[in-house]
Amino acid sequence: MMDNIERNKFKWVGPDIESGEAMARKSVTFGRDAMRRLFKNKAAGVCLVIIVLLLLLTILVPFFSPFTMNEQHLTHTNAPMGFVCTNEEQAGVVHLFGTDALGRDIFVRTWEGGRISLMIAFVAVFINFLVGVIYGGISGYMGGLVDNIMMRIVEVINGIPYLMVVILLKMVVGSSDPTGIVSLIVAYSAVGWTGMARLVRGQVVALKEQEFVIAAKALGAGSSRIIARHLLPNSLSIIIVEITLAIPSAIFTEAFLSFIGMGVTIPYCSWGSLANDGVTVFQLYPSQLWIPAICISLTMLSFNLFGDGLRDAFDPRLRR
Amino acid sequence: MLKYILKRVGYTVVTLFALLTLTFFIMHALPGDAFTGQKAIPPEVMANLEAKYGLDKPIGEQFVMYVGNFLRGDFGVSIKYNRPISTIISESFVYSLDLGVRALLFAVIAGVLLGILASVKRGTGWDTAAMLIAIIGVSVPSFIVGSVLQYFLGLQLFQATGIKFFAVTGWDAFNSKILPAFALSFGSLATISRLMRTSMLDVLGQDYIKTAKAKGLSNRKVIWKHAVRNAIMPVVTVLGPIAAAVLTGAFVVERIFSIPGLGKFFVQSVRENDYTMIAGTTMFYGTFLILANFVVDLAYGFIDPRVKLEGGK
Amino acid sequence: MEKNKTVVINNKKKDLPPERVLDIENLHVSFDTYAGEVKAVRGVTLHVDKGEVLAIVGESGCGKSVTAQTIMKLNPMPPARIPEGEVTLGDIDIVAAPEKAMQKIRGKTVSMIFQDPMTCLNPTMQVGKQIVEAIKHHRKLSGAEAKAEAIKFLKLVNIPNPEERVKQYPHEYSGGMRQRAMIAMALSCDPLLLIADEPTTALDVTIQAQIMDLLNEIKDETETAIILITHDLGVVASMADRIAVMYAGKVVESGTNEEIFYDNKHPYTQALLNSLPSVDSNKRDKLVSIPGTPPDLLAPPAGCAFAARCEHCMEICKTEQPPEFDIIGDHYAACWLLHPDCPAAEERGELNA
């Protein structure tokens with residue numbers, strides 16, 4: 001019933017643990033794997049390109065524009081998009097986005113405004129990041145009563161609607177701030193750090209308990225080594241994602257405050273204040289609102305999608 | 001449960017007190033003082049202010065008076081209008097509340113449904129479409145949504161068809177309420193649908209869903225009777241912040257659609273540097289939202305049986 | 001079996017013995033993942049008779065849970081797939097049965113209890129309601145009757161004060177009680193087959209014994225057949241009628257309880273038993289762990305899956321899969337050592353033989 005099998009096939013070779021251990025999947029480092037997944041995410045890639053483009057435009061356009069942001073052309077106010085100048089000195093020069101009610105070139109104002117909007121957002125988020133990491137780090141590291149009190153404070157701050165606080169603070173700081181830029185940053189940073197603080201604290205507490213940290217301690221690793229080798233790499237990805245997602249929220253706050261008249265003061269402008277100007281002439285010259293509106297939305301959208309992409313890329317549960 | 005309620009009451013009181021202290025000291029921190037530093041204040045307004053806030057008394061006493069006034073529902077006097085702020089609020093807040101409640105209801109219902117749809121049809125075109133709507137909602141501020149709707153659905157559609165589907169301004173007929181309510185709800189709808197989707201995906205991976213399936217329940221029953229009930233918990237917890245977003249968002253939406261709500265007054269007072277009005281309205285909004293948060297927390301305690309017995313996490 | 005239009009009767013299997021509850025033949029289950037096709041189950045053949053307890057034993061990831069869930073088609077498809085094989089439950093062809101039919105089978109003909117009772121009950125629903133839900137779904141009873149049934153079954157699984165307990169939520173139950181409630185739910189529609197997927201793994205040792213006692217009672221008092229899935233041979237020793245040992249998606253040895261414990265033939269079974277402490281083991285006897293890990297089922301080895309860890313490994317084991325060799329009656333094992341041509345250990349050149 002059985003086929004006969006050559007005897008030499010039954011030669012003993014013994015176990016070979018190594019070959020069994022060799023994984024069929026190639027092992028990939030965490031960072032490289034995250035990058036691979038990020039680049040596979042087309043939406044995130046496109047968003048990164050848009051973000052870089054927007055940044056370049058805000059940096060470069062004001063240098064190369066034939067107009068300055070407050071230069072008025074009273075001969076052609078509220079000119080449509082693509083208007084060609086007819087006056088002698090600037091004949092043939094194009095107002096790409098048209099001009100506003102005072103005859104100012106909207107193209108250069110858009111990118112000047114973008115500079116300020118993005119600067120406010122970046123600085124505010126950076127301050128939030130610093131404060132949040134320090135506050136959350138201390139809270140999580142100390143633990144016990146200190147942690148308890150510090151987190152109750154955060155909870156109370158979170159209980160007050162943040163826009164209300166920002167408006168109040170903006171009112172106070174704004175009165176001694178001629179540009180309105182610093183006060184926006186201060187007001188937003190005063191309440192914006194709580195999210196980051198909670199996140200960092202959560203990370204620190206969770207990691208303090210984690211077995212691999214305890215194992216590292218048991219193996220005699222010093223505190224600095226634990227922080228550098230274990231805490232940081234594990235928290236970094238989450239913090240980066242949080243920062244990316246905090247930027248659109250800061251941009252929104254700036255735009256919102258500018259829109260209700262609490263933003264940067266003349267002669268400065270931001271996307272929010274441009275939108276605010278645009279809404280008054282909206283029914284006649286809709287493009288004056290569209291342009292800043294699209295800039296705000298596109299920036300927020302790009303950062304949101306890019307942040308989502310980053311989060312998915314870093315999420316170890318999604319590793320394959 | 002009692003412990004949980006007491007804890008929430010405690011938090012609410014402390015937060016309210018923090019808000020009061022903040023507004024009080026901010027009013028005093030304003031350069032030259034909000035009350036006395038303004039040159040343009042007419043004498044009769046000034047007299048009114050002094051009586052209200054006891055400006056000649058020491059600061060500690062002023063604070064006690066301030067808290068007392070607040071507890072009596074007195075938010076001070078508007079410098080510009082020389083009228084009690086509480087009167088202005090009682091006249092205009094009904095519009096804001098009407099708008100806010102409509103927007104909130106729509107955001108919650110549509111957001112939850114969209115989130116469920118996206119999670120159940122995960123990875124399909126439905127999911128992509130729902131999440132595209134959500135990401136746009138999260139990224140486009142309400143004043144832009146409002147302007148876009150007003151321009152296309154209000155103006156252009158009217159010009160193209162000659163039929164007035166949506167009124168562009170005001171707050172009276174039903175067709176004047178649709179666009180502002182939608183504009184106001186869009187961002188929250190997006191936040192809720194994203195949260196609901198994540199929460200649903202999490203719940204659908206839980207063991208008790210497998211148990212429900214192993215009982216032989218149909219997919220529909222598993223989703224509606226077991227998954228949604230559990231997945232909706234995180235959505236309930238964010239209702240407080242969502243309400244805050246809706247109410248503050250109303251500032252700009254009311255401005256765009258010329259709705260005579262409190263938000264419009266608020267924006268106006270900002271433009272006119274009516275400091276007492278700003279502080280009074282802020283305090284009112286703050287109180288309202290802190291109380292709303294409290295109600296949401298209590299509701300959560302009743303919905304989640306785990307909180308009911310253990311007295312909170 | 002109730003006659004049901006949507007149920008697909010398996011005509012090919014008319015010749016099965018009448019007491020046969022479940023018959024699995026050459027079942028393959030694969031999962032399509034990004035990395036490729038994971039062949040989780042690679043040709044499993046099993047059967048369970050009425051009132052019998054079959055234990056499926058093996059390391060985690062060997063495909064025992066996948067096999068069990070395939071009986072109820074609980075693995076989401078896709079990514080899961082059944083490329084080959086037959087599963088016959090009663091007289092129903094499970095592989096061909098559509099989802100609608102499966103919904104009538106799950107909980108009624110076959111029910112299941114899971115590993116972690118802490119997460120298996122819906123936290124926002126009263127325990128009683130969760131049981132009533134199963135009863136009402138499969139039996140035409142009024143709400144009050146279903147509730148009475150739920151109480152009856154809670155009593156059956158020794159939950160004290162069941163009239164009060166039905167109204168409580170899962171977090172008010174202890175771990176052991178939750179598992180009892182799960183068992184009550186699983187039994188509430190009098191299934192032909194109960195699958196217990198590691199029912200005691202997540203529980204304290206003392207509670208484990210109580211749950212096993214309860215399953216034993218059920219075995220004695222009802223006609224329900226039980227499939228007991230575990231990685232712990234100790235758990236099954238007292239209870240199982242027959243044992244199937246699985247490794248890397250295959251059944252490597254199968255036989256009665258006695259045969260597996262005292263007359264085992266497969267080196268993997270032997271290794272499993274050697275890693276098991278027993279009361280009568282000598283002080284000097286060492287517990288032996290099995291070195292290495294099971295193979296990655298993305299790319300299963302060409303030969304015997306256990307070859308890399310087997311101390312008797314031979315040339316042929318690396319290249320060709322061993323067929324099943326019948327030993328006595330229902331006892332069989334898949335190992336080249338059992339081939340009639342296989343020479344003695346010295347001749348094979350095995351060291352420390």
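Give the residue list of trypsin sites (Lys or Arg not before Pro) in segment C:101-209 that are DSSP loop and have at most 13 other beta-carbon atoms within 10 angstrom.
Taking segment C:101-209 and a limit of 13 other Cβ atoms within 10 Å, the loop trypsin sites (Lys or Arg not before Pro) found are C:K140, C:K167.
What is the magnitude of the charge dipole of the protein assembly as shown about its Cα centre, with +1 placed on the Cβ of each Lys and Arg, -1 on the Cβ of each Asp and Glu, and no other charges, expressed in debye to the nearest 20?
Roughly 2020 debye for the protein assembly as shown.
Counting only protein heavy atoms, probe 1.4 Å: which residues of segment B:101-144 lose 40 Å² or more of accessible surface in the full assembly compared with their chain by itself?
With the partner chains in place, segment B:101-144 has these residues losing at least 40 Å²: B:I135, B:S139, B:P141, B:F143, B:I144.
If you take every DSSP beta bridge fully contained in the protein assembly as shown, what fraction is antiparallel? Give it as a percent rounded to 5.
Beta bridges within the protein assembly as shown, antiparallel portion: roughly 65 percent.
Does anyone have the angle between helix B:43-53 and the longest principal axis of chain B? Alpha-carbon axes, 0 to 90°, nearest 10?
60 degrees
Return the sequence-ordered ³J(HN,Hα) values of segment B:209-221 in whole Hz as given by the Karplus equation 6.51 cos²θ - 1.76 cosθ + 1.60 applied to θ = phi - 60°, using x for Gly and Pro.
Going residue by residue, I get 5, 4, 4, 4, 5, 5, 6, x, 5, 6, 3, 4, 5 Hz, with x marking Gly and Pro.
With everything on Cα atoms, drop me the angle between helix C:205-221 and the longest principal axis of chain C, reported from 0 to 90° to the nearest 10.
80 degrees
Size of segment A:30-318 along its principal axes in angstrom, Cα-based, largest extent first?
Here the Cα extents, ordered largest to smallest, are 80, 45, 29 Å.
Quote the FRET efficiency, to the nearest 0.05, computed for B:D98 versus B:L157 with a Förster distance R0 of 30 Å and r equal to the Cβ-Cβ distance.
According to the calculation, E is roughly 0.80.
According to a simple spin-label model (label point 7 Å from Cα along Cα-to-Cβ), what is the distance in nm between B:S218 and A:L219?
With each label placed 7 Å out from Cα toward Cβ, I get 5.6 nm.
Given B:K121/B:K213; B:K210/C:K250; C:K147/C:K167; B:K215/C:K140, which pairs have Cα atoms separated by over 19 Å?
Those over the limit are B:K210/C:K250.
Tell me, Kirkwood radius of segment B:89-261 from alpha-carbon pair distances, in Å?
17.3 Å
For labels at C:N274 and C:T33 in the simple 7 Å Cα→Cβ model, what's the distance in nm?
With each label point 7 Å from Cα toward Cβ, the separation is 3.0 nm.
How high is the FRET efficiency between A:R36 and B:T124 when r is their beta carbon distance and R₀ equals 35 Å, given to the nearest 0.05?
Efficiency, rounded to the nearest 0.05: 0.90.
Can you give me the angle between helix B:239-256 and the longest principal axis of chain B, using Cα atoms only, in degrees from 0 to 90, rounded to the nearest 10?
60 degrees
Suppose every Lys and Arg Cβ carries +1 and every Asp and Glu Cβ carries -1, with no other charges. What dipole size does chain B come out with about its Cα centre, to the nearest 20 debye?
Dipole of chain B, to the nearest 20 debye: 1600 debye.
Using a basic spin-label model with each label point 7 Å from the Cα along Cα→Cβ, how many nm lie between C:E311 and C:A148?
My value for the distance between the label points is 6.2 nm.
Need one value: the accessible area of B:K121 in square angstrom, 1.4 angstrom probe, rounded to the nearest 10.
80 Å²
Lys and Arg at +1, Asp and Glu at -1: add these up for the other residues within a Cβ distance under 14 Å of B:F174 and post the number.
Surrounding charge for B:F174 is +1.
The values are calculated or read from the model by the stated rules, or taken from the named source; none is laboratory data. Since this is a predicted model, take the numbers as computed values, not measurements. Quick reminder, even Gly has a Cβ in these numbers, built from the backbone with ideal geometry, and neighbours come from all protein chains shown. Surface accessibility is based on the protein's heavy atoms, side chains included, excluding ligands, DNA and RNA. Shrake-Rupley method; radii C 1.70, N 1.55, O 1.52, S 1.80 Å.
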